[in-house]
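Structure first, then comments.
Just so it is clear, none of the values below were taken in a lab; they were calculated from the coordinates. Just so you know, these numbers come straight off a predicted model, no measurement behind them.
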């Protein structure tokens, strides 16, 4: 009888340890899910920031192109006026 009681006690101990291990694994899994959810929120935020940065860069690029299309002809006109003025000054002498 002693062997059966020891065996039953041993089996109960194994069962209790398995339950404890399952409880610990469930807690770890819940913690992992929480971390994953936090990481997903951070990733979504980073994607929104990147999208905003892309939009700003696109607007800046468009503004730069417009400024270039306006500045180059204006500078060419100024250069022609200065050159014309210099040539006219040389013609007077």
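Taking springs between alpha-carbon atoms closer than 10 angstrom, which of 22, 83, 68 fluctuates most in the Gaussian network model of the chain? Judging by the Gaussian network model, the answer is 83.
How much mean residue ellipticity at 222 nm does the chain get from its helices, if each DSSP H run of length 4 or more adds -39500 (n - 2.57) and you divide by all residues, to the nearest 500 deg cm²/dmol?
Details: 1 runs with 91 residues, N = 93.
Calculated mean residue ellipticity at 222 nm is -37500 deg cm²/dmol.
Kirkwood radius, the chain, all distinct C-alpha pairs, inverse of mean reciprocal distance: 21.4 Å.
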